[in-house]
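Here's the structure we're looking at; comments come further down.
The values are calculated or read from the model by the stated rules, or taken from the named source; none is laboratory data. Everything quoted here is computed from the prediction, not taken from an experiment. Here the Cβ positions follow ideal geometry from the backbone for every residue, glycine too, while neighbour counts run over all protein chains shown.
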Amino acid sequence: MTDIETSILSDHVDARIVTGDLDAAIADRNAIVQLDPDHPGFRDPEYRRRRNQIAQIAMKYHPGDPIPDAPYTDEEHQVWAVIWEALGPAHRQHACAQYLEALERLSFAPDRIPQLREVNEKVQAISGFRLEPVAGLVQPRVFLENLADGVFLCTQYIRHHSTPLYTPEPDVVHEIVGHGVTLACPRLAELNRLFGEAVKKTSSADQLERLSRIYWFTIEFGVLRENGSVKAFGTGLLSSAGELEEMREANLQPLDLESMSEQPYDPTHFQPILFCAASFDEMYQRLRKFLIEW
Ligand SMILES: [Fe+2]
């Protein structure tokens, strides 16, 4: 992996590194998941044990098999409930219509973390996309190329219960509430697939970085106008009530895929610049054409 490939998408959403040596990792169970000392779960041995257990599900997973259920605790289901309560009004106010329709189709319980297996069954029936568990971060190219085959690599653990509205890394809430729902919208699922196909045609790190930025400013942080209001269709916005609230403060740029591809971003802060399409149709048509012609 080049320096440029490691530097892009190294954020709370898409830079996932999968450990290569399953036997060594299982032999030293505590070493599978490394948390930084400032991670909210660093001093919680129970949480770390469960993170390792969930990582093992992914490491032993064979594509196409049913995804084993993750052993979430009552405390963790409570984390989902807190997030869900905050997201309800935020979604009603800031989510685009296509997202809200897809959300209905998945009908999540307000007080229980959905298992990837259940979400996967519904998403697959709607768009053909398949969720596959990964232990942690994988390389951006691997993540993006899998989209071409209709595979979304998905983390399964949930953030630590001490910080229900904050996570330093992508967790199952972002994956399910963000990506799972948008993949249950056939046109957004198609765009994800086209991103994967464009990345597969790309050999240079520079071109990969350009596509990654466009992915970031559309699939992850895209906004559009709907009946005069700015609404979100990006997964990073839609999986966080805080991001949806901050969206109103952003400097909105017109949808320009070329300048988007040059626009750097900092994943560790709320996004100060967002690109806003005139409508869902405009976003879909222009992005689709751009990716097909890539
Ligand atoms: Fe994401």
Fill in the blank from the handout: Exactly one of V13, V33 is buried (at least 18 other Cβ atoms within 10 Å of the Cβ), at pLDDT below 90, within 16 Å of the ligand (Cβ to nearest atom) and part of a loop (DSSP other than H, G, I, E, B), and that residue is V13
Practice task
Kindly indicate whether I126 is β-branched (V, I, T) and within 15 Å of the ligand (Cβ to nearest atom).
Solution key: no
Exercise for the section: Would you check if R187 is away from the ligand (no atom under 16 Å from the Cβ), in contact with a Phe, Trp or Tyr (Cβ under 7 Å, 6 or more places away or on another chain) and either free of Cβ contacts under 8 Å to residues at least 24 places away in the same chain or not hydrophobic (A, V, I, L, M, F, W, C) (or both)? Expected result: yes
Completion exercise
With criteria (1) within 26 Å of V119 (Cα to Cα); (2) more than 16 Å from the ligand (Cβ to nearest atom), K201 comes up short on (1)
Fill in the blank from the handout: Subset of the stretch 101-133, residues basic (K, R) and part of a helix (DSSP H, G or I), comes to R105, R117, K122
Exercise for the section: Taking the residues in the stretch 137-170 that are of a type in the set (V, I, T) and not in a loop (DSSP other than H, G, I, E, B) as candidates, determine which candidate is nearest to A189 (Cα to Cα). Expected result: V151
Exercise for the section: Mind checking which helices (runs of 4 or more DSSP H) fall wholly inside the stretch 197-294 and carry at least 1 residues that are over 27 Å from D149 (Cβ atoms)? Expected result: 241-246, 257-262, 280-293
Completion exercise
Selection from the stretch 147-175 of residues away from the ligand (no atom under 12 Å from the Cβ) and not hydrophobic (A, V, I, L, M, F, W, C) yields D149, G150, Q156, Y157, R159, H160, H161, S162, T163, P164, Y166, P168
Practice task
Please identify the pairs in which a residue from the stretch 201-225 that is under 17 Å from S279 (Cα atoms) has its Cβ atom under 9 Å from the Cβ atom of a residue that is in a helix (DSSP H, G or I) and among the charged types (D, E, K, R), counting only partners at least 6 apart or on another chain.
Solution key: F221/E243; L224/E282; R225/E282
Exercise for the section: From (1) over 27 Å from K201 (Cα atoms); (2) of a type in the set (A, V, I, L, M); (3) in contact with a strand residue (DSSP E or B) (Cβ under 8 Å, 6 or more places away or on another chain), pick out the condition that doesn't hold for L137. Expected result: (1)
